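Here the structure is laid out as structure tokens; the discussion comes afterwards.
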Amino acid sequence: MARDKKGQFIRKFRYPVKEYCKEYQCWKNMIRRCYDPECDHFGYYGKRGILVCDRWLESVDNFIDDMGRCPDGFSLDRIDLNGDYCPENCRWAGTITQANNKRNNRYFEYKGELLTIPELARRNGIKRSTLSMRIYGYGWEVQRAVETPVRAKEDSLSL
């Protein structure tokens, strides 16, 4: 990749950057997280050895060719959280998918499946905060926490 007089990389794009602004920002931030020690998130990525594949480092066009356009409401997600940024390990994912794909998630077995608290809450129509309090605060077993009906709050205005 060529450099200008100040030593900055000269990036050439197939399309005007504004046409894929979201994808460009995602690509730029991915590289910063992995290679810039001044980036706030470097410790979670670059310091842990997470890299960006050579093809994507080369250009944002290659990144977009492999990933496609980012759907509304989605962002870049690594499937294997210990793996690098590369076509085989990345996808566009929504907030629910990403919330269930974090290193600090705890999984609970319920009816033969391993699920996170947000998944358990969503599938069973319970607030996540209620389920968390029952499991962590009160020490309830998962089955009891999920299957005990939630009491309706009394209307404070009724006499």
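The values are calculated or read from the model by the stated rules, or taken from the named source; none is laboratory data. Only a predicted model underlies this, so the values are computations on that prediction, with no experimental measurement involved. Cβ atoms come from the backbone with ideal geometry, glycine included; neighbour counts cover every protein chain shown.
Do the conditions hold for Asp80, that is, is it assigned to a loop (DSSP other than H, G, I, E, B) and closer than 24 Å to Glu23 by Cβ? Judged against the criteria, Asp80 is a match.
Kindly establish whether Glu147 is surrounded by fewer than 16 Cβ atoms within 10 Å (Cβ to Cβ) and not aliphatic (A, V, I, L, M). Spelling it out, Glu147 is indeed surrounded by fewer than 16 Cβ atoms within 10 Å (Cβ to Cβ) and not aliphatic (A, V, I, L, M). Within region 77-95, can one find any residue that is within 30 Å of Arg151 (Cα to Cα) and either in contact with a helix residue (DSSP H, G or I) (Cβ under 8 Å, 6 or more places away or on another chain) or loosely packed, with under 13 Cβ neighbours inside 10 Å (or both)? Yes, the conditions are met somewhere in region 77-95. Please determine, by comparing only the residues of region 111-149 that are of a type in the set (Val, Ile, Thr) and touching a Lys or Arg at 6+ places or on another chain (Cβ under 8 Å), which one is modelled with the highest pLDDT. This residue is Thr148. Say whether the condition of being part of a loop (DSSP other than H, G, I, E, B) and not assigned by TED's automatic domain parsing to the domain that holds Gln25 is met by at least one residue in region 61-69. No - not one qualifying residue is present in region 61-69. No other residue among Gly137, Gly125, Gly112, Gly43 is closer than 19 Å to Arg32 by Cα and out of contact with any helix residue (DSSP H, G or I) (no Cβ under 6 Å at 6 or more places or on another chain) apart from Gly43. The lone criterion from (1) surrounded by 14 or more Cβ atoms within 10 Å (Cβ to Cβ); (2) free of Cβ contacts under 8 Å to residues at least 24 places away in the same chain left unmet by Arg122 is number (2).
Name the residues in region 26-50 that are surrounded by 16 or more Cβ atoms within 10 Å (Cβ to Cβ) and not in a helix (DSSP H, G or I), would you? Cys39, Tyr45, Ile50 - these are the residues of region 26-50 that are surrounded by 16 or more Cβ atoms within 10 Å (Cβ to Cβ) and not in a helix (DSSP H, G or I).
Number of residues in region 83-115 that are in a strand (DSSP E or B), in contact (Cβ under 8 Å) with a residue 12 or more places away in the chain and of a type outside the set (Phe, Trp, Tyr) equals 4.
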